[in-house]
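Remarks on the structure that follows.
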Amino acid sequence: MRKELTNQELHNLAMNIVGKELEAQGYEFMGVNSELKKNPQFVCLKDRKLHFIVVRNVPYPLDPKAYDEEFMQKMKDHAEKQEGEAYYAGVGLYNAVDRSLPVYLNEDYILEYEGLVKL
């Protein structure tokens, strides 16, 4: 029986994808928050500077590169107060057979992710 991934599971999958990229790029994790609606998802240290990273799972047909500018400005202001930098990571996860269908557990999916966007 097919099991549709929940919003929390999609969020966790998006965070795993971004987290692996951060790890590969040498970021040191100071804090990780996988709870929906709690931001940022990652607080990392790299080159002696704090990096605040907001991760979003973006459903089809929305553009993973588009973000809430007002909200992200608040995150950028917060990062600057900490002498850090803010980033947005939009992750599109889509059903591989038909993008309009949900993503199912243990089934192929399409990943649309172009890396961190510095704010």
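Fewest-first ordering of 1, 30, 72 by other beta carbons within 10 Å of each residue's beta carbon gives 1, 30, 72.
Note on residue 80 and residue 105: the model spin-label points, each 7 Å out from Cα along the C-beta direction, lie 4.5 nm apart. Sorting 42, 29 by the number of Cβ atoms found within 10 Å of their own Cβ, with the fewest placed first, yields 29, 42. Between region 88-119 and region 22-80, the C-alpha centres lie 17 angstrom from each other. In region 1-93, Rg over Rh equals 0.99, where Rg is the alpha-carbon radius of gyration and Rh the Kirkwood radius from pairwise Cα distances. Put in line by how crowded their Cβ is, counting other Cβ atoms within 10 Å and starting with the fewest, 48, 2 read 48, 2.
Please report the antiparallel percentage of the DSSP beta bridges confined to the chain, to the nearest 5. Percent antiparallel among DSSP bridges in the chain is about 65. Label positions at residue 45 and residue 65, each projected 7 Å from the Cα along the C-beta direction, are separated by 3.4 nm. Amide hydrogen proximity for residue 101: with H placed 1.01 Å from N in the peptide plane, the residues at 5 or more positions away or on another chain lying under 5 Å are 95. All other residues whose Cβ lies under 15 angstrom from that of residue 90 are scored, Lys and Arg at +1 and Asp and Glu at -1, for a net of -3. Using a ≥ b ≥ c from the Cα gyration tensor of region 42-119 (square roots of the eigenvalues), is it rounded, prolate or oblate, where a/c under 1.5 gives rounded and otherwise the larger of a/b and b/c decides, a/b for prolate? It is prolate, given that a/c is not under 1.5 and a/b is the larger ratio. Helix 7-24 and the longest principal axis of the Cα set of the chain meet at an angle near 50°.
Summing charges over all other residues whose Cβ lies under 12 Å from the Cβ of residue 41, with Lys and Arg as +1 and Asp and Glu as -1, gives +2. Remark: the residue 8-residue 37 segment gains 9.4 nm on full extension, using 0.36 nm per residue and subtracting the alpha carbon distance.
All of the numbers you see were taken from the coordinates with simple rules; none came from a lab. Source: prediction; values computed, not measured. Cβ atoms come from the backbone with ideal geometry, glycine included; neighbour counts cover every protein chain shown.
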